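Colleague: First, the structure itself, so that you have it in front of you.
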């Protein structure tokens, strides 16, 4: 279980999600299985840019669910290694459009074993559709509980003032009206009226909820996707509650650093799998730049960038 918040406005779309994986366990309280599993994908399609988050089952077969989603969106050629077995490379989305992405995800959910429906799986897809001279905020949820998946949300141009801001949550949250109020109250309290205020407010709401339930963690991933007609610089940020230390060990180097965990980044041309690194990873395509907003962890180090494939947790049992 997790908690995902998506806020799409005419200026930018904000995604915030925790990274905790819990198991039901034999007692009343869930058991923390892994505190730092990736649950965020950034995608750039032929007519859209956005994020995907998920809540529900953490593994599909032997794959972490985010890896299963990536392989659903960008299946690799026959004989090639599947996504998730390497850090960088792989065939991207090609000319796939947003509706095809939604269709692929829905059909993949419909094909899952029905016994997994006990815990269900919800995907939250948000960002912008790009149609000629229009950039349209969208937010779609695909929900599966063992039967036919349902698709709900908004993908059309807004008709009213209320439809200009799309607020959605998935996972172990409060009633959505309360979550929305917590986020907006926090944003107002900052005295700011920008997208950064919404990002910080979404983080605050998730961490408040984490103080009430073991199924939500305090280590977060956030993504800001600006309206493509305003900016094409997409910013992701790993937001740990406490520093996470990692080490580089080699023949001529042994250095510790504060780890930065990256999300999936899928463009029409390539795929970057989740990594753990020393500083920001930037991926560019078609005028877009998908950048890490974390500051370099070791500003005095001669090592400017290093990353390795994130070692993922194995399914229980």
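The values are calculated or read from the model by the stated rules, or taken from the named source; none is laboratory data. A quick note: this is a predicted structure, and the numbers were derived from the prediction, not measured. A quick note on method: Cβ atoms are made from the backbone with ideal geometry, for glycine too, and the neighbour counts reach across all protein chains shown.
Colleague: Mind listing whichever residues of region 266-284 are surrounded by 17 or more Cβ atoms within 10 Å (Cβ to Cβ), modelled with pLDDT under 95 and outside any loop (DSSP other than H, G, I, E, B)?
Modeller: Scanning region 266-284 gives 271, 272, 275, 276, 277, 283.
Colleague: Name the strands (runs of 3 or more DSSP E) wholly inside region 1-82 in which the number of residues that are under 15 Å from the mean Cα position of the chain (by Cα) is 1 or more.
Modeller: 3-8, 12-18, 21-23, 40-44, 48-56
Colleague: Restricting attention to region 41-55, does a residue exist that is buried (at least 24 other Cβ atoms within 10 Å of the Cβ), farther than 16 Å from residue 261 by Cα, modelled with pLDDT under 95 and in contact with a strand residue (DSSP E or B) (Cβ under 8 Å, 6 or more places away or on another chain)?
Modeller: Within region 41-55, none of the residues are buried (at least 24 other Cβ atoms within 10 Å of the Cβ), farther than 16 Å from residue 261 by Cα, modelled with pLDDT under 95 and in contact with a strand residue (DSSP E or B) (Cβ under 8 Å, 6 or more places away or on another chain).
Colleague: Right, something else. Which condition from (1) closer than 19 Å to residue 13 by Cβ; (2) in a strand (DSSP E or B); (3) at pLDDT 95 or above is the one that residue 105 breaks?
Modeller: Result: residue 105 fails condition (2) only.
Colleague: For region 289-317: of the residues being loosely packed, with under 10 Cβ neighbours inside 10 Å and closer than 20 Å to residue 20 by Cα, which is modelled with the lowest pLDDT?
Modeller: Per the criteria, the residue is 317.
Colleague: Do any strands (runs of 3 or more DSSP E) entirely within region 210-262 hold 2 or more residues that are surrounded by 21 or more Cβ atoms within 10 Å (Cβ to Cβ) and either without any contact (Cβ under 8 Å) to a residue 12 or more places away in the chain or touching a strand residue (DSSP E or B) at 6+ places or on another chain (Cβ under 7 Å) (or both), and if so, which?
Modeller: 220-226, 233-239
Colleague: Would you say residue 112 is in contact (Cβ under 8 Å) with a residue 12 or more places away in the chain and in contact with a helix residue (DSSP H, G or I) (Cβ under 8 Å, 6 or more places away or on another chain)?
Modeller: no
Colleague: Of all the residues that make up region 183-193, how many are modelled with pLDDT of 90 or more and either assigned to a loop (DSSP other than H, G, I, E, B) or buried (at least 19 other Cβ atoms within 10 Å of the Cβ) (or both)?
Modeller: Looking only at that region, the number is 1.
Colleague: Sticking with this one: Taking residue 205, is it farther than 15 Å from residue 37 by Cα, crowded, with 17+ Cβ neighbours inside 10 Å and free of Cβ contacts under 8 Å to residues at least 40 places away in the same chain?
Modeller: no
Colleague: Scan region 229-242 and give yes if some residue there is within 27 Å of residue 30 (Cβ to Cβ) and over 19 Å from the mean Cα position of the chain (by Cα), otherwise no.
Modeller: yes
Colleague: Give the residues of region 164-179 that are in contact with a strand residue (DSSP E or B) (Cβ under 9 Å, 6 or more places away or on another chain), more than 18 Å from residue 120 (Cα to Cα) and not in a strand (DSSP E or B), sorted by residue number.
Modeller: If the condition is that a residue be in contact with a strand residue (DSSP E or B) (Cβ under 9 Å, 6 or more places away or on another chain), more than 18 Å from residue 120 (Cα to Cα) and not in a strand (DSSP E or B), then 164, 165, 176, 179 are the ones that fit.
Colleague: Find the residue count for region 112-163, including only residues that are exposed (fewer than 13 other Cβ atoms within 10 Å of the Cβ), part of a strand (DSSP E or B) and touching a strand residue (DSSP E or B) at 6+ places or on another chain (Cβ under 8 Å).
Modeller: Looking only at that region, the number is 1.
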